[in-house]
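A quick write-up on the structure given underneath.
The values are calculated or read from the model by the stated rules, or taken from the named source; none is laboratory data. Computed from a prediction, not measured in an experiment: that's the story for all the values here. Using ideal geometry, Cβ is built from the backbone for each residue, glycine included, and neighbour counts are taken over all protein chains shown.
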Amino acid sequence: MVERKLLASPYRSPGPASIRHKSSIGRQGIYSPMRTPSPQQPYPHHRNISDSLRRPSTPIRPPLYRHDQHIPYTFLPDTPEHTPPSRPGSSGYGSHLATTPPLRAVRSPSPLLFSSPATPASTPGPHASRKDRRTTVRVAHVSECHCTHFKHQIVTREPQISGLHPGQPLLQWAKRPIQKHVAVSWTKVQINEIDGTAISYTWGDFDRENLIIGHWEEDPTRAVAMNLGTEWDVEDLLDRLVEISAVKGSLWIDQLCAPQREDYAKEILPKIPDIFRSMEVVVLMPGARCTCLEKAVDKLKSGAKAGDVVENWLGKKCHNKAGLSSYTNRMWARQEFRYAQNLRLVWNRKTPAQCFQYEDLISGKADISAISGYATALFMQKLHEGFDLGDKNGHWLIRDATDKFARDLRRECDALKQDKKDLPVFFRMLMGMPLERVRDADENPIFELTHSLRAFCRNLRGLAYGTHMATNPKDLVLSVWVDLPGYKMPEETKFYTASGLLDDAVHKLEEKHHVTLSTHAPAGLFKESPGGCWRPELFLANKQIKEVRDLYSTLSEADSPLYMRDGKVPLQISAHNAIGRRSFIYRDLYKETSLAKVGPVMSKVVKNLDAISQIRLGALWHHYQERLAAILAPRKITHKKSNAKLNGELDKAVKTENLAEFMAEYYFFDNLCNQNLDEDTQLPWETLGDVDHYKVVYKLTCYLLGLDHEFCKKKGLELIIAPEEPSIIGLTNRVTVPSWLSRFDQETLTISTSVNRHRVKEMPMCMLELRKNGQFSPTKGGEPEYVVTGSWVSCQEVGKKDLGGIAIPRDVHSVQKDGLRTDGWLI
């Protein structure tokens with residue numbers, strides 16, 4: 001048996017292999033390809049250990065797969081930052097590399113091979129100077145190759161029935177060799193002269209693995225690999241890459257053109273917005289479009305109403321109708337799509353998919369291969385998780401995901417240019433027709449807010465309730481903030497958490513542009529300073545980050561950022577009005593009140609919630625549904641041999657008590673959510689069981705403001721409510737004794753961060769409760785200073801005497817003619 005060996009790196013700890021711990025090989029790089037010795041160079045068996053510790057004096061070429069006569073065709077684990085130098089006299093590494101001492105080989109721990117999670121192959125090509133790397137971008141040229149010097153086997157993965165499982169067939173992914181590979185070459189172009197096609201795609205959600213796709217054009221012994229999930233058919237992908245590259249001669253795709261190394265990431269990530277804005281963008285999707293889409297297009301061309309045809313088509317039970325992918329659920333893909341000015345969709349498979357319904361699978365009319373791309377991988381994953389093929393409701397397994405994908409993609413297409421004489425833009429997208437983004441027409445350089453900063457702020461819309469994810473939570477920050485003019489990533493991002501990275505980005509926004517973002521949770525709500533600024537690190541430090549809304553949930557949806565100076569936000573005060581003058585502390589007002597009296601009041605609150613708050617309310621309802629499903633799911637009960645009967649009775653009693661408590665809370669919350677529906681779906685409040693309604697309403701309010709209720713409790717925030725219509729609810733950090741005295745406080749003020757004093761209903765609004773601080777600004781006018789005492793949930797309507805002022809936005813053109821007047825400061 002040929003021994004697998006791993007070349008030592010000068011960046012690894014010194015010493016013989018026997019004293020090195022195997023954990024020194026980073027798991028983050030176990031899939032990264034590694035450069036092996038040249039087959040023309042004899043393999044040295046005796047090496048000087050002291051010589052191997054010398055660091056190379058020249059830049060090192062990134063690691064690559066390469067055929068070697070001493071090491072068989074296998075993946076050797078190494079990390080991109082642990083790259084070994086070249087071997088003396090090796091012609092494979094280029095003449096620009098200096099000779100280095102021979103290296104010492106150590107044994108590679110085989111259990112690390114082919115284990116997940118995986119990282120992509122490092123990008124080949126010589127290193128450039130740092131100055132050159134800041135102004136250039138590497139593009140790839142992909143062409144089909146038929147050479148005989150390439151010794152690696154190219155494989156694709158497809159589902160196969162491998163045997164019988166009790167009650168259903170057992171499916172698994174099998175590798176199939178393909179007689180096809182590509183040759184890849186690279187050139188460097190200036191960032192302002194870049195031309196070609198940029199590919200926006202996702203690596204994959206299922207069993208990602210490094211798969212070799214071809215070799216260097218100038219050296220067939222150097223393999224090139226891509227990290228892909230099972231939803232990608234490699235054979236079709238190679239055809240698409242060749243076709244896309246031939247359109248304009250070059251393409252940009254992250255795995256081939258951007259080295260997956262931290263030092264390169266800090267240079268390539270800020271270029272991504274310019275790359276996707278300058279180049280023509282191809283949105284590459286796994287699978288194929290369905291024949292039912294073509295039939296719907298034929299109906300439109302025959303004169304049918306576009307709205308009716310689109311809705312009827314979306315209502316079909318076909319699982320292949322709109323394709324399916326994780327594209328609309330990934331953060332980088334969202335940003336790339338929004339950066340693109342000219343784009344088109346390309347399906348990985350050219351042959352259209354046939355209509356597929358779940359009933360066809362049960363009846364035997366179709367098999368698993370009839371599902372296209374991503375849906376196949378999703379379906380197989382559910383089967384391995386124990387899904388029953390005989391379940392009659394199984395069509396919802398994929399249909400929910402398909403409908404959500406179609407709905408999200410349709411929403412993203414709304415910002416693309418419409419043509420009333422042509423097909424709806426959503427259909428044009430799915431058919432692969434070229435599309436163009438609607439450009440902003442309100443750019444005016446005489447105003448303070450630059451066009452690039454305006455575009456950045458508009459791109460923040462939707463993040464507060466978005467469900468996009470990323471493999472690394474830090475990408476939820478970097479993918480957004482690299483588009484901020486003048487933003488620079490921290491030197492050592494590995495020492496930052498996602499919340500810390502976001503807090504650092506907010507500070508840089510304030511320092512460079514003198515603006516802060518409108519938020520439901522300014523620092524002043526937690527009695528921190530500066531009170532009007534967003535400080536996400538305060539409430540996100542210990543929070544688990546999974547989705548983008550976990551980071552941005554406290555942001556409001558105002559388009560314009562707020563102007564600030566020396567940490568203070570200027571205010572325009574029209575009248576000394578405040579919602580607080582008609583509000584009460586919830587605990588004092590309804591502490592001993594029955595649900596029959598609290599329910600109607602909370603119904604008014606829910607009916608007054610605006611569209612964004614309703615979206616968040618729906619997300620919380622789904623969370624309750626998941627909790628209910630978890631409680632009702634059968635549990636495996638283990639008992640001790642002694643007192644087995646007693647232990648079983650106690651476990652049953654605890655389970656019943658928890659279920660009863662949760663169900664009372666669930667019915668109360670579910671009835672609140674039904675207030676905007678038909679009266680037939682609502683239950684009389686007096687029929688519901690006793691429940692701690694304060695606990696439910698407190699959780700609800702915190703969630704609508706984007707905060708964690710446990711954190712708010714620790715900070716001493718109290719629930720506050722204005723029960724009279726229009727009913728509003730919120731949180732406050734100021735509690736008087738008795739609490740009703742705050743209604744007579746003439747020093748309070750409610751402001752809005754909306755750019756319009758008379759707010760349009762469709763525009764969400766962030767409302768903050770302020771109180772005069774008793775100090776005056778040291779300016780000539782001596783304007784009063786205010787501190788934050790509360791935050792109100794965004795609603796549809798407010799009373800005539802509720803709002804007393806606004807925070808001045810950075811773009812003074814968006815305010816009325818008296819926009820430059822400053823009446824106070826939020827500190």
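General observations
- Test: residue in segment 241-256 that is within 30 Å of ILE154 (Cβ to Cβ), hydroxyl-bearing (Ser, Thr, Tyr) and modelled with pLDDT under 85: no
- Selection count, segment 675-728, where residues are part of a strand (DSSP E or B) and out of contact with any Lys or Arg (no Cβ under 8 Å at 6 or more places or on another chain): 3
- Within the span defined as segment 513-533, every residue fails to be among the basic types (Lys, Arg), without any contact (Cβ under 8 Å) to a residue 60 or more places away in the chain and not assigned by TED's automatic domain parsing to the domain that holds ARG334.
- Scan of segment 195-234 for residues that are surrounded by 18 or more Cβ atoms within 10 Å (Cβ to Cβ) and over 27 Å from the mean Cα position of the chain (by Cα), ordered by number: ILE212, ILE213, GLY214, HIS215, TRP216, GLU217, PRO220, THR221, ARG222, ALA223, VAL224
- Residue that is farthest from ARG587 (Cα to Cα) [pool: residues in segment 731-782 that are modelled with pLDDT under 65 and hydroxyl-bearing (Ser, Thr, Tyr)]: THR779
- Residue check, LYS316 of a type in the set (Lys, Arg) and either touching a Phe, Trp or Tyr at 6+ places or on another chain (Cβ under 6 Å) or farther than 22 Å from ARG411 by Cα (or both): no
- Failed item, numbered, when GLY580 is tested on (1) surrounded by fewer than 20 Cβ atoms within 10 Å (Cβ to Cβ); (2) under 30 Å from ARG821 (Cβ atoms): (1)
- Answer residue from segment 262-296, given it is out of contact with any strand residue (DSSP E or B) (no Cβ under 8 Å at 6 or more places or on another chain) and of a type in the set (Asp, Glu) and is farthest from SER325 (Cα to Cα) among those: ASP263
- Subset of segment 545-569 that is in a loop (DSSP other than H, G, I, E, B) and at pLDDT 90 or above - its residue that is surrounded by the most Cβ atoms within 10 Å (Cβ to Cβ): SER553
- Counting only helices (runs of 4 or more DSSP H) that fall entirely inside segment 257-365 and contain at least 1 residues that are within 22 Å of the chain's Cα centre (by Cα) and hydroxyl-bearing (Ser, Thr, Tyr), the qualifying elements are 262-268, 331-339.
Yes/no matrix, rows are residues, columns are (1) exposed (fewer than 13 other Cβ atoms within 10 Å of the Cβ); (2) in contact with a helix residue (DSSP H, G or I) (Cβ under 6 Å, 6 or more places away or on another chain); (3) hydroxyl-bearing (Ser, Thr, Tyr); (4) at pLDDT below 75:
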| residue | (1), (2), (3), (4) |
| --- | --- |
| ILE362 | no, no, no, yes |
| ALA366 | no, yes, no, yes |
| ALA377 | no, no, no, no |
| GLU385 | yes, no, no, yes |
| PHE405 | no, yes, no, no |
| LEU409 | no, yes, no, no |
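- Pairs are defined by a Cβ separation below 7 Å, a sequence spacing of at least 6 or placement on different chains, a first member in segment 282-301 that is on the phi > 0 side of the Ramachandran plot, and a second member that is part of a helix (DSSP H, G or I) and among the hydroxyl-bearing types (Ser, Thr, Tyr); the pairs so defined are GLY287/TYR374.
- Residue count, segment 605-636 (criterion: more than 22 Å from ARG549 (Cβ to Cβ), surrounded by 18 or more Cβ atoms within 10 Å (Cβ to Cβ) and among the charged types (D, E, K, R)): 0
- From the list LEU284, LEU293, the one residue that fits, being under 13 Å from ALA406 (Cα atoms), crowded, with 19+ Cβ neighbours inside 10 Å, at pLDDT 85 or above and among the hydrophobic types (A, V, I, L, M, F, W, C), is LEU293.
- Flag for LYS546 being within 21 Å of the chain's Cα centre (by Cα) and in contact (Cβ under 8 Å) with a residue 40 or more places away in the chain: yes
- For segment 642-673, the candidate set comprises residues that are among the polar types (S, T, N, Q) and at negative phi; within that set, the residue that is modelled with the highest pLDDT is ASN671.
- Apart from one condition, ASP504 fits all of (1) of a type in the set (Asp, Glu); (2) part of a loop (DSSP other than H, G, I, E, B); (3) more than 20 Å from TRP825 (Cβ to Cβ); the exception is (2).
- Unique match (being more than 13 Å from LEU460 (Cβ to Cβ) and not aromatic (Phe, Trp, Tyr)) among LEU555, LEU517, LEU540: LEU540
- For segment 448-474, filtered to residues that are in contact with a strand residue (DSSP E or B) (Cβ under 9 Å, 6 or more places away or on another chain) and assigned to a helix (DSSP H, G or I), the residue that is farthest from ILE615 (Cα to Cα) is LEU453.
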